[in-house]
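Data block below; observations after.
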Amino acid sequence: MTESQPAIEHLSTEQRHPRSTGLGAMDAHAVIALMESEEHVVIDALRRAHDELTRTAEEVASSYLCGGRIVLLGAGTPGRLAVQEVSELPATFGVPPEQFIAFVASKAPVGPAAIAATEDSIEAVRDELLAMQIGPSDVVIGIASSGRTPFVLAGVEAAMEAGAWTCGIANCAGTPLLGAGTIGILLDTGPELLTGSTRLKAGTAQKVALNRITTAAMVLAGRVRNNYMIEMRATNGKLRDRAIRILTDLAGLTPSDALSLLRNSDWHVGDALRTLDVRSSVSGAPR
């Protein structure tokens, strides 16, 4: 611990919650009721971070549109959330997987995203960012509940030095990560009902923050039409039904015509819509 880092016992996420001191003796009904009563803290924290989340979404959209990479750094729960977030974006928005990357410190197997065994590792993340030639066109977002995880801090600092736009997301005020990047996003969720278990309120706030950043960014990047995920490729029965509904709604096609067009477009909704746009342009008539 450096002098600039608060001792662990001073972190808000490590404090004992005064309303849950009897947690270990509660029945299931009482535990769930107590958790329900605390969930508003997550929404309040996200609402206070509205402006910073907006700016981050704008930077992610800009980076994506110019061919940059968006890298999420995390360890423990934030790392697993980072992996989940980037793994879902190609299927949802049709983005190239090489543009959204998770770098994670984890002993548990999380696929190729794990580049260090522990959150105390710093050289691995620096070396990986150097190898991928991170630079001014890229965005690097570090997530750490405590705001002081060495792996995440080292990655954000290295990306900052390389000229990337950087952001630190933390759940404790006054921690180094909030000042390490271009901006810091404080999600002040306070003490957990189960002391120190940041997979609860802190993790929930982190997941919702990532949802908001990436969804807003993809809207800005033109990957959404109306409120539909138009760059989706339908790879199973459920998604094919959804794709047909999207075309019948957006383009006014019959289900039969939508099915035919989607088959000819390899079940890619965006390609099907672009085919209709070209036809409309050639004929001069609105779809």
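Values for this structure:
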{"quantity": "Residues within the range 116-145 that are at pLDDT below 95 and of a type in the set (S, T, N, Q), tallied", "calculated": "2"}
{"quantity": "Tally, over the range 30-61, of residues that are among the polar types (S, T, N, Q) and over 16 Å from the mean Cα position of the chain (by Cα)", "calculated": "1"}
{"quantity": "Selection count where residues are in a loop (DSSP other than H, G, I, E, B) and under 21 Å from Val83 (Cβ atoms), scope the range 133-162", "calculated": "6"}
{"quantity": "Some residue of the range 224-235 being among the aliphatic types (A, V, I, L, M), touching a strand residue (DSSP E or B) at 6+ places or on another chain (Cβ under 9 Å) and within 30 Å of Leu34 (Cβ to Cβ)", "calculated": "no"}
{"quantity": "Which listed residue is in contact with a Leu (Cβ under 6 Å, 6 or more places away or on another chain) and of a type in the set (Gly, Ala, Ser), from Gly179, Gly184, Gly203", "calculated": "Gly184"}
{"quantity": "Members of the range 18-30 that are part of a helix (DSSP H, G or I) and aliphatic (A, V, I, L, M)", "calculated": "Leu23, Ala25, Ala28, Ala30"}
{"quantity": "Count of the range 70-107 residues which are in contact (Cβ under 8 Å) with a residue 12 or more places away in the chain and either farther than 16 Å from Ile213 by Cβ or charged (D, E, K, R) (or both)", "calculated": "13"}
{"quantity": "Positions within the range 163-179 being in a helix (DSSP H, G or I) and touching a residue at least 24 places away in the same chain (Cβ under 8 Å), in sequence order", "calculated": "Leu177, Leu178"}
{"quantity": "Subset of the range 229-267 (residues that are basic (Lys, Arg) and touching a Phe, Trp or Tyr at 6+ places or on another chain (Cβ under 8 Å))", "calculated": "Arg233, Arg240"}
{"quantity": "The range 157-185, residues that are touching a Pro at 6+ places or on another chain (Cβ under 7 Å) and either surrounded by 18 or more Cβ atoms within 10 Å (Cβ to Cβ) or hydrophobic (A, V, I, L, M, F, W, C) (or both)", "calculated": "Ala164, Thr175"}
{"quantity": "Residue in the range 272-280 that is in a helix (DSSP H, G or I), free of Cβ contacts under 8 Å to residues at least 24 places away in the same chain and in contact with a Pro (Cβ under 9 Å, 6 or more places away or on another chain) present", "calculated": "yes"}
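The values are calculated or read from the model by the stated rules, or taken from the named source; none is laboratory data. Everything numeric in this text was worked out from a predicted model, so none of it was measured. Positions of Cβ are backbone-derived with ideal geometry, glycine not excepted, and every protein chain shown enters the neighbour counts.
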